[in-house]
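What follows is a single structure, written as structure tokens, with notes after it.
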Amino acid sequence: MTAPALDELVRDRRIIVCGGSGGVGKTTTAAVLAMRAAEAGRRAVVVTIDPAKRLADALGLDGLTDEPSRVDGSWPGELWAMMLDTKSTFDALVGKHAADDAQLQRILANRFYKNISGALSGTQEYMAMEKLYELAEETDFDLIVVDTPPTRNALDFLDAPARLSRFLDHRLYRLMTASNRGVLRAVNVATQTFVRTVARVVGADVIDDAVAFFQAFDGMEEGFKRRAKRVQERLRDDDTAFVLVASPRRDTIDEATFFAEKLTEGGIAVRSLIVNRMHPRFDDGLAEATAQRADSLAGTDLGSLYRNLADFQLAASREEENLAGLADEVAPAPVVRVPFLRSDVHDLEGLRRIEAELFD
Amino acid sequence: MNPTEYFAASRLLIVAGKGGVGKTVVTAALARAASMAGRSSLVVEVEGKSGLPRMFGQATPEQSGLGYDEQLLRRGGGPDGSADITARTITPDGALLEYLEDHGLSRISKRLVTSGALDVVATAAPGIRDILVLGKVKQLQRAAVADVIVLDTPAAGHAITFLRSAKGLLDAVKVGPIYTQARDVLDLLEDHERCQVILVTLPEETPVNELVETAFSLEDQVGVGLGPVVVNGIYDDLDGLEADPAAAAEQAGVTLRPGEAEVLAEAADFRRHRIELQTGQVQRLSDLLPLPQVRLPFLFESEIGPAEVDALARSVLGAIEALDAEVQLGSPT
């Protein structure tokens, strides 16, 4: 059985998650995949994280907000784009689980809560997945493409929902609130000492905020846990395809390989590997032979021309060597190579040039 | 200016930039440049996984990372009189354990880390992880473990968040040892004599935009001194690339194989076009940001080992020698 090509994923799947390290063109790639779906007649939305202003410009939008904006274009389907807002996504999630408005307001006003979206690691990853789930459940988009934060460890966001659940259900929380609830009198002097010591290090105010938060949150843990479980199931659904985006530089390939290994550990297969910014291969000559030729002609124009060709032959062969192990790791997923483009992407035409490289 | 002066004792160089710009390679080149100038350096990385040992010809495939203990990357001495380069990791958990033990709280330290309570504390006081790492760096700097400390900042996080952590924490925490720690770190960051941030970028549109934005935010929000900007990955220009291959072959008295002229012309055109784009972006960076630039060549040999690091370090030294002493000493702008 052969693995489906990238085009099939774009036409058939409900969800595509683009993962990989920073600076490899992940956001632009996600936008192009969604555009491809629109061209195939689907209603597609792309959710970006921290996009460069250039991408919004390229899509002809003034800016991206946390509500989908429709992108004008001559395709039979529809293309929508939006940006993840971690804080408002979290607020909405709390709103879903709060028993009443009073509880919601207590939490939203809490200083500790306000810190969570910025400070608790994994929160951005979790909210990306939460937004994805929400769009999948509550909208009728045919395809949802999500860009992900530049996470080094894939488990950070595969685990993120569970980690937040664990956090909210934290032992320290129980320790800290126990004395107030009065039910766990067995929570004893040692615990109080522990909390007092923590307070000594970071200040008592800080601990008070945390305790107030956990008290306000009381009763919502179960709802959070159930939803986190559904989000994780959705990620592993057959209808969801994971696309890994990388560049052929040695260090990013190492990171991508690590990422792919962790995904595999987490029970998720990479469906396609997209490698951006490949150096062109002008012929199949060997760098060493060409370099020797350049040396023997040193000082002449022809020598420079050979030197230049040798440089690119070396770069291209190193890139293929770098890529080989990663390609094995994600096999049988197809590897799609995208060469350096002649200019940066400034408009839909620019996105179409990438599309041509990805799909033709 | 004289590189030996540049890497004067007690200097902390903080290398920052978005993912994919080659921050770790630049970190290695800076450390090696210091070593060539006779200054010992300690490289600190914060993620527990780094290609540094490999760049210095040290790693086996199984053991490629760095540990919490200092590790010698390159021994100094020899005819060129270079100095030692060492490296270590500082993780928030490791720094916290050490911090608690130093403050007589070892009783709870293990428990705080293993119970995951650090997550709760870190959320209660955002920036505490970064402060623990920076606090440890400050301690090493004060102990003068090396002439220069080169800090490779986290790739995923933004340099601004990392460096702003001290200020942010001072707002949240008003008393106690963490307050003191944050205060200390801020003093170090704001001391332009002892500490410089080296921003790294690529000669491309978006990285240049992001670097300019970061530079202004760092000056406004953190008050750190900015050192020279490193523009990484610039294609070397070659004379003669505009020549027509057939004519060049005739001139050299060489016969080309069929199709070879086209291949040579295509490759030359590609490089000329990239150089043109890059030159435009480097110029744009100069226009937008009045900081001296250290330009490092693109390495077609992407497997970076000691020879490549040496070559980059020599580029760094050349650029430092060309620096105007007054501009670069981080005098407030």
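Read-outs: derived from the displayed coordinates by stated rules, not from any lab. It should be emphasised that the depicted structure is a prediction, and the values quoted were computed from it without experimental measurement. Glycine also receives a Cβ, built like all others from the backbone with ideal geometry; neighbour counts cover every protein chain displayed.
Figures for the structure shown
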| item | result |
| --- | --- |
| Residue-averaged [θ]222 nm for chain B, counting only DSSP H segments that reach four residues, each worth -39500 (n - 2.57) | -15500 deg cm²/dmol |
| Residue exposure sequence - A:PHE167, B:PHE7 - by fewest surrounding Cβ within 10 Å | A:PHE167, B:PHE7 |
| Longest to shortest principal axis, alpha-carbon extents of chain B, angstrom | 81, 42, 38 |
| Three-way shape call for segment A:84-131 based on the alpha-carbon gyration tensor, with the a/c threshold at 1.5 | oblate |
| Inter-probe distance in nm under a simple model that places probes 7 Å from Cα toward Cβ, at A:ASP328 and A:ALA289 | 2.7 |
| For residues of B:15-26, the mean tally of beta carbons on other chains within 10 Å | 3 |
| Label-point separation, A:ASP208 to B:ASP93 (7 Å along Cα→Cβ), nm | 3.2 |
| Ranking of A:MET35, A:MET278 by count of other Cβ atoms within 10 Å, fewest first | A:MET278, A:MET35 |
| Rule-of-thumb Rg ratio for segment A:269-340 [Cα; 2.2 N^0.38 Å; N residues] | 1.39 |
| Shielding by partners, peptide B:205-217 (average Cβ within 10 angstrom, other chains) | 2 |
| Average partner coverage of B:301-308, which counts Cβ from other chains inside 10 Å | 3 |
| Residue-count net charge about B:GLN139 - beta-carbon cut-off 11 Å; Lys, Arg +1, Asp, Glu -1 | 0 |
| Viscosity 0.890 mPa s, temperature 25 °C, Stokes-Einstein D of the protein assembly as shown from Kirkwood C-alpha radius, µm²/s | 90 |
| Cα-based convex hull volume of segment B:201-313 per residue, rounded to whole Å³ | 142 |
| Whole-Å distance, taken between Cα centres, linking segment A:1-74 and segment A:318-352 | 16 |
| Surrounding net charge for A:ARG318, when Lys and Arg each add one and Asp and Glu each subtract one, Cβ distance under 9 Å | -4 |
| Extended-chain gain in nm, criterion 0.36 nm per residue less alpha-carbon gap, A:GLU321 and A:ARG352 | 8.3 nm |
| For A:GLU78, distant residues with modelled amide H under 5 Å away | A:ARG42, A:ARG43, A:ALA44 |
| Members of A:LYS53/A:LYS225; A:LYS26/B:LYS136; A:LYS114/B:LYS136 lying beyond 30 Å, as alpha-carbon distances in this model show | A:LYS53/A:LYS225; A:LYS26/B:LYS136 |
| Euclidean distance between Cα centres, segment B:129-168 to segment A:247-267, Å | 27 |
| Net charge contributed by nearby residues that have their C-beta within less than 12 Å of A:PHE213 (K/R +1, D/E -1) | 0 |
| Contour minus Cα-Cα distance for B:THR180 and B:THR279 (0.36 nm per residue) | 31.0 nm |
| Cα gyration tensor shape of segment B:118-215, rounded if a/c is under 1.5, else prolate or oblate by comparing a/b with b/c | oblate |
| Tensor-based shape of segment A:313-359 (alpha-carbon gyration tensor, a/c under 1.5 rounded, otherwise prolate or oblate) | oblate |
